[in-house]
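Since the structure comes first, as structure tokens, the remarks are kept for the end.
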Amino acid sequence: MASKTDLRRFPGFLTVTIVCLVVLYAPLIVVAVYSFNASTSITKWGGTSLAWYVDVFTGPEAPKFQQAAINSLVIAITAAIAATIIATLASVAMTRAGRFRGKTLSFALISLPLMVPEVVTAVASLVFFTAIGFTSGLTTILIAHIVFCIPFAYLPISARMQSIPDLYEQAAMDLYATPREAFKLVLLPLMTPGILSGFLLAFIISLDDFLITNFVKGAGVETLPTAIFGSVKQGIKPNIMAISTLMLIVSVIFVSLSWLIGRTGQDKNQKT
Amino acid sequence: MTSAEIAVDIENVVKRYGSFTALHGVSLSICENEFFTLLGPSGCGKTTLLRSIAGFEEVSSGTIRLKGEDITGLPPHKRPVNTVFQQYALFPHMTVTDNVMFGMLRSGWSKTDAAQRANQVLEMVQLGGFAARKPAQLSGGQQQRVALARALAPRPAVLLLDEPLSALDLKLRQAVRVELKSLQRETGIAFIFVTHDQEEALTMSDRIAVMSNGEVQQIGAPPDIYESPVNRFVADFIGETNLLDVDVHSVSDGMATLSLPGGHGFTCPAAAMRGAGKGHLSVRPERIALCAEGAGDLDATVTGRVYLGTDIQLHVRLADDEAMTVRLQNSETTIVPEEGSAVGLKLEVGAARLLAD
């Protein structure tokens, strides 16, 4: 049996794997390595240095990037919180309300943003905001981010929710808890790993978004990805590589956290 | 039974799920301080009835009264009854103490009173040292006790138990049976126990309601149910029995005269039979004695012997090919006939039960 499932038996397995890994990760490694380059060239190695990291925080472009980073964080945190709350309520309704009219439609609507090409959403959002005469830069970005973060927050939360039998709420209500208390004292704590996981995922998706942000942002309002893009248009400098590497590290930390929280939640559930 | 002694009164309860009827007008009364068992195969409606008492199912019609008060329309959290769930449903994120205190804190106990009562109940189920543990750190048997403690702690008017022993292994199950019974005596409240295990029902209950197809077939004390089943279902479901097709010739003074397969005449209490006709005679395997061929009520050939430890089970076949089982006690004086030998079977008159077709 073991030999049947041994991946190495598939012809070309090793080659395909190496090609995929190189294509996926070589650019990231190049960027990360060259962010420590002492030279101003992005192709020639001039020795190891932290100069470009210093430049990010103190250089001529520092105020611009600082403001962009603050905007990104504010939007990501706010959007992730809002999307998580909405996704939590949605997953409770989808798994606890039994069968209701339009359940399938609701599910389709929740997951639609995952399927629709992002550029379509971006154009549609821009058209919508223009049509209602709403052009305040940060708020438009925030609203758009909340909307596209909902399905990403919904996925881990509803996965968690589906693994919680309604027996626990029944037991709570049998023990004199009102439906509200049963939700607050029993269901919510059990959902917490899924909720945290969903929050982190939404946060990282929002932090990372360029396309929709670029369409709906007002004049002069930048987030980190749009600021980077703006800067790159005037030629790539190694300070961009330093910023990208910092963002990569933040992303990896958050995604790992999300995964770890999801895993411990599952372990606990399997034990009981 | 005066109404003051009745803990739960169920009157004509009907439960429909779409076109399926789970309960066909069930009526029964459970007394204070009674260990009452709802017994039946899966799908008989016993769990639906229990969940209707707890408030998890809305009944389609009928009335459920708790100590004389109509609770039919109340939501679960307003009914002073607690449930021990089949899968225990302990809150995994809370300690044992927090689990036990949950019900008390929701129903207006003070924190100190609740903590004191939690200690007391945990001592009662012999889990005094486990208060700070999480449910995942307990064995199945311990979790079951916590579930019991949690349900008993707020002093419910009635305790509902939904097959709470089915997840335990056999040895533990037998020990917990005895404990459950003494716990019920100690607390003095009515227990309503749901099970499909007839042995569990017979050993613990004061009274048993045997259910099938959403109807109560018979209510009675364990000996009544076992020795005087009212119909074929009850006779067959509770314990082992032999059901013989018989012709009833006449009924008079409560005694029926009938002929057994093979032509021998037999007289026994008429029970539900009112006149001549086809009937079924239920005879428990342990209520049949062996004798010489021709000397008993039936003649049979031994087709197999099964050694069961305390008993020896004898499979026999009558002349008309009907199979029967006989149980012989395993003792030195018991003579076990060889396979293929012809034997006579003597039925105990008082133990044979005549059932209508």
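The values are calculated or read from the model by the stated rules, or taken from the named source; none is laboratory data. Just so you know, these numbers come straight off a predicted model, no measurement behind them. Ideal geometry is used to build each Cβ from the backbone, glycine not excepted, and the neighbour counts take in all protein chains shown. The area values use the complete protein model at the heavy-atom level, side chains included, leaving out ligands, DNA and RNA. Shrake-Rupley method; radii C 1.70, N 1.55, O 1.52, S 1.80 Å.
Couple of notes before you dig in:
- The range A:101-200: trypsin sites (Lys or Arg not before Pro) in DSSP loop, at most 10 other beta carbons within 10 Å: A:R101
- Rounded FRET efficiency, nearest 0.05, which uses the C-beta distance separating B:R155 from A:F210 and R0 of 60 Å: 0.45
- The mean sequence separation of alpha-carbon pairs under 8 Å and at least six residues apart, normalised by the residue count of chain A, gives a relative contact order of 29 percent.
- Using a Förster distance of 41 Å, the FRET efficiency for A:V74-A:L109 (Cβ separation, nearest 0.05): 0.90
- Along the range A:62-77 the Karplus relation, 6.51 cos²θ - 1.76 cosθ + 1.60 evaluated at θ = phi - 60°, assigns HN-Hα couplings of 4, x, 4, 5, 4, 4, 4, 5, 4, 4, 4, 5, 4, 5, 4, 5 Hz to successive residues, with x for each Gly and Pro.
- Loop-resident sites, the range B:240-334, for trypsin sites (Lys or Arg not before Pro), counting at most 12 other Cβ within 10 Å (DSSP): B:R274
- Residue (of B:F191, B:S19, A:L201) at the positive-pole extreme of the protein assembly as shown, dipole from beta-carbon charges: A:L201
- Choice from B:F266, B:F35, B:F85 with maximal GNM fluctuation in chain B (Cα, 10 Å cutoff): B:F266
- Contact surface A-B: accessible area buried, both sides summed, square angstrom, 1.4 angstrom probe: 2100 Å²
- Extension gain, A:T178 back to A:A26 (0.36 nm per residue minus Cα-Cα distance, nm): 49.1 nm
- Computing Rg and the Kirkwood Rh from the Cα coordinates of the range B:3-227 gives a ratio, Rg/Rh, of 0.96.
- Residues in the range B:266-283 carry Karplus couplings, in order, of 8, 10, 8, x, 6, 6, 7, 6, 10, x, 5, x, 6, x, 10, 9, 9, 10 Hz; the curve used is 6.51 cos²θ - 1.76 cosθ + 1.60 with θ = phi - 60°, and Gly or Pro positions show x.
- Cα long-axis angle, helix B:170-187 against chain B (0 to 90 degrees, to the nearest 10): 60 degrees
- Estimated FRET transfer efficiency (A:V33, A:R101; beta-carbon r; R0 51 Å; 0.05): 0.35
- Here the contact order of chain B, divided by its residue count and restricted to Cα pairs under 8 Å and six or more residues apart, works out to 15 percent.
- Dmax and Rg, reported as Rg then Dmax, of the range A:61-270 (C-alpha, Å): 19.5, 67
- Low-density loop cleavage sites - GluC sites (Glu not before Pro) in the range B:220-287, where at most 15 other Cβ are within 10 Å (DSSP): B:E240
- Karplus-derived 3J(HN,Hα), 6.51/-1.76/1.60, for each residue of the range A:115-121, Hz, glycine and proline x: 8, 5, x, 4, 5, 5, 4
- Working value for the protein assembly as shown: equivalent-ellipsoid semi-axes of 72, 30, 24 Å, each the square root of 5 times a Cα gyration tensor eigenvalue, largest first.
- Compared with the dominant principal axis of the Cα atoms in chain A, helix A:13-34 is inclined by about 60°.
- Long-range amide H partners of B:A221 with built H, under 5 Å: B:I208
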